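One structure below.
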Amino acid sequence: MSWLELLNNLESGAVRAATQDESGQWHANVEVKQGILEAFKNGTNTEFPGGFVDKHNLAPQGFAADAGVRMVPGGSSVRRGAHVAKGTIIMPPAYVNIGAYIDEGTMVDSHALVGSCAQVGKNVHLSAAVQLGGVLEPIGASPVVVEDDAFIGAGCVIVEGVVVKKGAVLAPGVRLSATIPVYDCVNERQLDRGEPIPEYAIVIPGSRPASNAWAREQGLSMSCALIVKYRDEQSDASLLLEEVLR
């Protein structure tokens, strides 16, 4: 399909930048990412009302009331080629980049970023200043995924294709990347590199001794993430998180 058809299909949700297979694994849709890059190549810088400049074919979206999206005034923007489903609330200022997918009933709070091609499920809460990293290149790299019913606390940063599974809860300030280790204190194991945050896990920021002998002598530490509890399907995410953090 042409890049124009692709952008329209991304916005409608007919195609996505990543898909989930029968085993639950997420995979980048290489053809979609190639099409997005083609749209960039075919765009020319244009002045838009409000004093900003972007590619002429990637202007921010507007939403009619019957779309069921509530984008509160105050500086938020949803770029062309992003899907925002019915029931989504976007608080200002927030930014949703090209190729992103936000499913029904999700809250995108102030200062949150949903990066290019990031995938967000149903009834997710992205608290203030949450950053979901974007990825267009390399085209085979999987994007950040936050599955249904997850609760992402204020100031969390999730990058480098990390997957947060259904119902997981991240306490404020958790940092997740391909190189930050995650320790499951309930099952007494370290997650494998690239392993998703498990369903219904409650994750808090942690630290571990630095690996270098000199750094250890100085009392230095490095960041990690700790799974300290698991919730069940009926548990209230915010109440459980408050209990854990007390």
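The values are calculated or read from the model by the stated rules, or taken from the named source; none is laboratory data. Please read these numbers as outputs of a predicted model, since none were measured by experiment. Reconstructed Cβ throughout: ideal geometry from the backbone, glycine too, with neighbour counts over all protein chains shown. Heavy atoms of the whole protein, side chains included, go into the accessibility calculation; ligands, DNA and RNA do not. Shrake-Rupley method; radii C 1.70, N 1.55, O 1.52, S 1.80 Å.
Would you check which residues across region 12-28 are of a type in the set (A, V, I, L, M) and either touching a Phe, Trp or Tyr at 6+ places or on another chain (Cβ under 6 Å) or buried (at least 17 other Cβ atoms within 10 Å of the Cβ) (or both) and list them?
Within region 12-28, the subset of a type in the set (A, V, I, L, M) is 14-15, 17-18, 28.
The answer is 15, 17, 18, 28.
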Report summary line: Matching residues in region 64-100 (in contact with a helix residue (DSSP H, G or I) (Cβ under 9 Å, 6 or more places away or on another chain) and on the phi > 0 side of the Ramachandran plot) number 2
Query raised in the report: Looking at region 128-157, which of the residues that are open to solvent by 40 Å² or more (accessible area, probe 1.4 Å) and outside any loop (DSSP other than H, G, I, E, B) is nearest to residue 99 (Cα to Cα)?
Result: 131
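In region 182-216, what residues are assigned to a loop (DSSP other than H, G, I, E, B) and of a type in the set (S, T, N, Q)? Write out each step before concluding.
From region 182-216, those assigned to a loop (DSSP other than H, G, I, E, B) are 185-188, 191-196, 198-200, 210-212; that's our starting set.
Of everything in region 182-216, those that are assigned to a loop (DSSP other than H, G, I, E, B) and of a type in the set (S, T, N, Q) turn out to be 187, 211, 212.
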Query raised in the report: Hey, among the residues in region 182-205 that are under 19 Å from residue 132 (Cβ atoms) and surrounded by fewer than 17 Cβ atoms within 10 Å (Cβ to Cβ), which one's modelled with the highest pLDDT?
Result: 195
Query raised in the report: Hey, which of the strands (runs of 3 or more DSSP E) in region 21-119, taking only ones fully inside, have at least 2 residues that are touching a residue at least 12 places away in the same chain (Cβ under 8 Å), of a type in the set (Gly, Ala, Ser) and within 21 Å of residue 159 (Cβ to Cβ)?
Result: none
Report task. All but one of (1) under 19 Å from the mean Cα position of the chain (by Cα); (2) closer than 25 Å to residue 123 by Cβ; (3) of a type in the set (Gly, Ala, Ser) hold for residue 235, so report the exception by its number. Result -> (1)
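Per-residue answers, yes or no, for (1) out of contact with any strand residue (DSSP E or B) (no Cβ under 9 Å at 6 or more places or on another chain); (2) open to solvent by less than 40 Å² (accessible area, probe 1.4 Å):
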site	(1), (2)
10	no, yes
35	yes, yes
49	yes, no
83	no, yes
Query raised in the report: Taking region 160-181, which residues are assigned to a loop (DSSP other than H, G, I, E, B), touching a strand residue (DSSP E or B) at 6+ places or on another chain (Cβ under 7 Å) and open to solvent by 10 Å² or more (accessible area, probe 1.4 Å)?
Result: 162, 165, 173, 180, 181
